Amino acid sequence: MKDRFNRTIDYMRISITDRCNLRCRYCMPDGCDKVSMDQILTYEEIERICRAAARLGIRKIKLTGGEPLVRLGCTDLVKQLKMTEGIDEVTLTTNGQILGRYLDDLKAAGTDGINISLDTLDPGRYEYITGGGCLEKTLQAIDLSAKAGIPTKANCVLQKGFNEDEILSLAQYAFDKGIQMRFIELMPIGIADPSRGISNEQVLQILNEKWPGLTEDDMRHGNGPAVYYRRPGIPGGIGLISAIHHRFCSGCNRIRLTSQGQIKPCLCYENGIDLKPYLKQSDEELEAALKQAILEKPMEHCFTEARFGSEEHRLMSQIGG
């Protein structure tokens, strides 16, 4: 459906858990207060919300967490959502640590794409930034996903003084593997320090100095705001998601559903509509509440502005960013 600014909203990110098997330093280094399972949406409730969303024109679903694969039955949810009338695409974002054991089931369920976090190619750095994760497991997961024929992307959040020296090696990795490497500007959510972020203008400059023939790719590679670049004749490519320095709010097509049932029209703000009470009501009332949340989607975020008290304070893992 269209929001009040005439944007088409057809994409919903769904956090199915706040739990994660890593402790990434820019996300939740000390963990977070776990929500009890009786406060988390059941899969049946998620399916019902998705049916209502589909009636409003939501066509694409991405499952997130925390780490979605730590919740039992995640692959079954993918299968059910793929069978939901009106839903055309179901994708998943993961850190890749346990993806290998679920990949066959995800493939069988019809998963349309997998995004895997990869902030460094250095094993020591990976262990440090993730709080104990194993780089080899993630690299194996990327290989297996791509070989399974599932469209695979790697997501990298660049930070000054940590991994900015790996821009070229990460890009080369994508070219070698034939996947899309997406550089995402650090967003000031939770404990993330915006002063450590690197603009994608800088990233593009570094890439162009190395590969002058880099050209913008007009081929569709996903549902989000990334601008993609490619080297002629070379598989794989680079995507830049510039939430801070090049706001894409005017073309934002998404809403978010937290694991506890709140619809967040914008990642930046805490406000939203709690759908839990409406799950006890009729389908029409649930759909009306979801529609209202879409209509309340703001024109743009406030990440680069003075704080006014309405910005999001929760950890990224708690809101399914």
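Readers should treat all values here as calculations from the given coordinates under stated rules, not as data from a laboratory. Since the model is a prediction, treat every value here as computed from it, not as a measurement. So basically every Cβ, Gly included, is an ideal-geometry build from the backbone, and we count neighbours across all protein chains shown.
Each peptide in 164-177, 112-125 was scored by the mean count of other Cβ atoms within 10 Å over its residues; highest first, the order is 112-125, 164-177.
Full extension of the chain between D218 and F5 yields a length gain of 74.2 nm, computed as 0.36 nm times the residue separation minus the alpha carbon distance. Note on the range 1-79 and the range 205-220: Cα centroid distance 33 Å, given to the nearest whole angstrom.
Listed cross-link partners K60/K280; K34/K280; K60/K82; K2/K264; K2/K276; K60/K137 are compared with a 19 Å cut-off, the Cα-Cα value being larger for K60/K280; K34/K280; K2/K276; K60/K137. Counted residue by residue at 0.36 nm each, then reduced by the alpha carbon distance between them, the extension gain from E201 to A108 reaches 29.5 nm. Model label sites at V35 and L72, defined 7 Å from Cα along the beta-carbon direction, differ in position by 2.0 nm. If you wrap the Cα atoms of the range 119-202 in a convex hull and average its projected area over all directions, you get 5.9 nm². Grab the other residues whose beta carbon is less than 15 angstrom from that of A174, score K and R as +1, D and E as -1, and report the net. My count for the surroundings of A174 gives +1. The length gained on full extension between E127 and E85, counted as 0.36 nm times the residue separation minus their Cα-Cα distance, comes to 10.9 nm.
Among the GluC sites (Glu not before Pro) within the range 27-117, those in coil by DSSP and having at most 15 neighbouring Cβ atoms inside 10 Å are E85.
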